[in-house]
Amino acid sequence: MRILFLLLIISLQSCKAQEKPNDIPLKDEVKNYTFETVASDIDNPWGMAWLPDGSMLVTEKNGTLYHVKDKKKTVISNVPKVATRNQGGLLDVAVHPKYATNGWIYITYSAEEGEEKGANTKLIRAKIENGSLTQIQELYKAKPNTTKSHHFGSRIVFDNDGYLYFTVGDRGNHPENPQDITRDGGKVYRLHDDGRIPSDNPFVGQPNAKEAVYSFGHRNPQGMTKNPTTGELWTHEHGPQGGDEINIVKKAANYGWPVITYGIDYDGSTISKLTKKEGMEQPLYYWTPSIAPSGMTFVSGDIYPEWNGDLLVGSLKFQYLELVKLKDNKVIERQKVATDIGRLRNVAQGPDGYIYMGVEGKGIVKIIPN
């Protein structure tokens, strides 16, 4: 009888652990590094990308695109008009994997073009010649515009096959946009590098579908990165009050927002009583309470051996960098990094192997291990 009782207790404890996959304590910072500022006086550094010569492109949300080399920044001119308000502005920047031969860079921003008032997320590509953007081409413009000024997304990543992925938030219209493939918003999109829609995208040929959509049911993904080992694309997205998520992007997958969520609305009301539903993906990990994640990168190489293979995620809310340690695609440990450095807008590993952070009100800061 006693053995049966012990087995019952163990079973209940196991079930309880499975019901709370996010219940992993956050460890204190181990300060075995210093910081080096590589670009100062940038109010809101959203996107970072590197050119073949090791210099950086940095977007500032107010509409300024910087070229940073040897700790000196110069302004790239002829950036398109940006609708800058609240969360809208000049967002992410990425460099084509074959930039050395074709010279293309990619930018997302909040744009006013369209019949409706307001703005929505737009993706362009361009080249830089004599310190100015040239050959600007529109690749995708989410529709319709809305005067709501939040949840634009937006991150840009190329996969190992050269496809371009970018994110657009639900634009504050969460009852309709995320779950409807005929509407933009709350999606991860997939294109060829010139803006053409791949023939094997999951919703090609479906009536009225947004054929660029690759996955849906997202809220506001402000982090996306490629796993250097598997080639998978990982995202994180803001939940409401609680329920920020890490997800692995899958073709045609529905990530549930707002039908399922681990968060509640900002006024304390219930958005959904469901946290799981058949046909909808469960997050790999979720934060409760929210950390307001922004920026995301895998760590590889020998410069940070204790972090190799793990994730770094910026926290806007708590103003630290979070090390998310992984094993077999499961979160096994969490640790604070760069405590109280400020609102972390972005984090990325440069081609030199070092970690760079975009810190609001400061600029670009490099982590130097001791």
(request) Eight or more residues apart or on different chains, and alpha-carbon atoms under 19 Å: count the Lys pairs in region 231-370 matching that. (result) 10
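Could you please report the charge total around Val249, scoring K, R as +1 and D, E as -1 over all other residues with beta-carbon less than 13 angstrom from its beta-carbon? Intermediate values should be presented prior to the final figure.
Working: positive: Arg155, Lys187, Arg190, Lys226, Lys250, Lys251; negative: Asp159, Glu232, Glu237, Glu245, Glu281.
Overall, the nearby charge balance is +1.
When Lys and Arg each count +1 and Asp and Glu each count -1, what net charge do the other residues less than 11 Å away from Phe318, Cβ to Cβ, add up to?
With Lys, Arg at +1 and Asp, Glu at -1, the net is +1.
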(message) At 7 Å along Cα-to-Cβ for each site, give me the label-to-label distance between Ala209 and Asp43 in nm.
(response) 4.2 nm
(message) Suppose a student asked you for the relative contact order of region 276-370, using Cα pairs under 8 Å spaced at least 6 residues apart; what percent would you report?
(response) 22 percent
(request) Between Asp310, Asp180, Asp352, find the one with the highest GNM mean-square fluctuation for the chain; connect C-alpha pairs within less than 10 Å. (result) Asp352
(request) In whole Å, largest first, what are the principal axis extents of the Cα atoms in region 46-293? (result) 55, 39, 37
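In what sequence do Met296, Met280 fall when counting other Cβ within 10 Å, fewest first?
Values: Met296 25, Met280 17.
With the sparsest Cβ surroundings first, the list reads Met280, Met296.
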(message) Rounded to two decimals, what is the ratio between the C-alpha radius of gyration of region 316-370 and 2.2 N^0.38 Å?
(response) 1.20
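Bear in mind these aren't lab numbers, they're just calculated from the coordinates by the rules spelled out. These numbers come from a predicted model, not from an experiment. Note: ideal-geometry Cβ built from the backbone for every residue, glycine included; neighbour counts use all protein chains shown.
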